[in-house]
Amino acid sequence: MRELSHLIQSIPSSATVAIADKANALRAAGHNVIALAGGDPDFATAPHIVEAAIQAMHAGKTNYPAPSKGIMVAMEAIAEKVLADSGRTINPASDVIITPGGKWGLALALWSILNTGDEVLYLEPAWVSYVPLIRMAGGVPVAVGLDGADNFRITAEQLTAHITPRTKAIMVNSPSNPTGRVMTAAEAQAIAQVANEHDLFVISDELYEKLVFDGRQHISLMGLPGMDERTLTVNGLSKGYAMTGWRLGWLVGPTAVLKLAAKMHSQTLTSAAHFTMYAAVAALRGPQEQVAHMRDAYQARRDFIVPALNALPGIECPMIEGAFYVMPHFPHSSRNSVELAEALLEKAGVAGTPGLAFGPSAEKRVRFSIATALSDLEQAVERMAKIAEELVICHLSLVICHLPFAAPLLPCSPALPPHARCSHRPHLPLSGGHCPPHHLAGATIAPRGG
Ligand SMILES: Cc1ncc(COP(=O)(O)O)c(C=O)c1O
């Protein structure tokens, strides 16, 4: 066989798919696995949306749509939504493309603006497909690593520090998969300020916009001053409307960019499925109660799982603000995130995605989807509780930390990594008063045998 594509060979396979495959293999072998690795809502699509698609099929909407980038009534419904969300009036005929899923909207946006070697800043931890999508479009992904200790806050300074003459765009995702952060007004201002100052495009992935908790407001970046001519907004029905299998999303942006995107779209996929576009109209213009109901259910699951995980030894789980993922941190474990996810799957039968899949700033974290029944989440936490101590600290440190008088007895060993602290009592240096100061701040004892 002749040589295959170097570019595609260099792209890693999806880590979320890999862990899902492993979980499925364990299931097929008779193991009881709770699958929390994927991102697929456990709700059914609302009946009025399903009905609209059935009616469209009966009405013969089974051929190519015209125009192929989307039927006018659906593009108008999207333009209405954009106006309501961002205050921007767009031309439905020229500024919208209906795509088979949000992912293709991201691909079209990148292909339309990038030339080989153009740099794209992305906020890391980032969804697993950003780096491959940027690279496949000829771009160079540049990670802007956000600090988990600072709740993955976005600042203008961090973004500016990564800008070079080749920087073309910033990719933003709020609510964020995997961190569950929802961009604040100050963060949105920071992104807009940097984009305006440096004349950058912004690709704003708003797939989880419907899933914001505690009364927060989703901010659509294209509504900020100076942003409508530089923002490519990617959205869709997959997450908020429980329609992942329908493959229905859209790209909205400046006419000149969308013209190129439409060319790319028609030369590759031709169109999204015709009858699904009628479902999109029903979803966007119809009753929104089910969307609110699903959001409330995710919030209730969050309200269970975040405190439950925080109650386990050595696990710190940040409160999430939106989307449907939690990403607990195992700061004192000597295992990396891949080893943690493997141990959780093999020893507890709980499938999560290793943080590393989202970038090095998510190391020592595992992402779990909460788009799963509460009873499954409860069972998952029970199972994790059984192995939590084994996962995060060594048996020796556990014994010692549980004895109030014993910590000072642990000899100061040069084998201890610097920064040793007990996971149960992080305020207490592992080696008590007997160690030199440089051994007293924050280390983990390497677990033995698991
Ligand atoms: C952050 C983010 N963007 C985009 C997508 C793609 O969504 P779709 O299924 O509509 O292609 C996903 C799917 O998981 C996602 O998590």
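The values are calculated or read from the model by the stated rules, or taken from the named source; none is laboratory data. This one's a predicted model, so the numbers in the text were calculated from it and none came from an experiment. Using ideal geometry, Cβ is built from the backbone for each residue, glycine included, and neighbour counts are taken over all protein chains shown.
Considering only residues of the range 265-282 that are surrounded by fewer than 18 Cβ atoms within 10 Å (Cβ to Cβ) and away from the ligand (no atom under 16 Å from the Cβ), which is nearest to Asn63 (Cα to Cα)? The qualifying residue nearest to Asn63 (Cα to Cα) is Thr270. Of everything in the range 201-229, what is in contact (Cβ under 8 Å) with a residue 60 or more places away in the chain, away from the ligand (no atom under 16 Å from the Cβ) and more than 18 Å from Tyr325 (Cα to Cα)? Give them in sequence order. Within the range 201-229, Phe201, Met222, Gly223, Asp228 qualify.
Given the residues Gly70, Gly87, which is the only one that is more than 28 Å from Met264 (Cβ to Cβ) and not assigned by TED's automatic domain parsing to the domain that holds Asp296?
On the way: Gly70 fails: more than 28 Å from Met264 (Cβ to Cβ).
Just one listed residue meets the conditions, Gly87.
Of the residues that make up the range 147-154, is at least one modelled with pLDDT of 95 or more and under 16 Å from Leu221 (Cα atoms)? Checking the range 147-154: at least one residue is modelled with pLDDT of 95 or more and under 16 Å from Leu221 (Cα atoms). Looking at Val172, is it in a loop (DSSP other than H, G, I, E, B) and either surrounded by 15 or more Cβ atoms within 10 Å (Cβ to Cβ) or not small (Gly, Ala, Ser) (or both)? No: the conditions fail for Val172.
In a residue-by-residue description of the range 365-376, the property of being in a helix (DSSP H, G or I) and buried (at least 23 other Cβ atoms within 10 Å of the Cβ) applies to no position.
State yes or no: is Leu110 buried (at least 24 other Cβ atoms within 10 Å of the Cβ) and over 20 Å from Val17 (Cβ atoms)? Yes, satisfied.
For the range 58-68, the criterion of a residue being over 20 Å from Lys263 (Cβ atoms) and β-branched (Val, Ile, Thr) is satisfied by at least one position. Of all residues in the range 105-157 being assigned to a helix (DSSP H, G or I) and among the hydroxyl-bearing types (Ser, Thr, Tyr), which is nearest to Val366 (Cα to Cα)? Once the filter is applied, the top-ranked residue is Tyr130. Summed over the range 230-262, the residues that are more than 14 Å from the ligand (Cβ to nearest atom) and over 13 Å from Ile113 (Cα atoms) give a count of 1.
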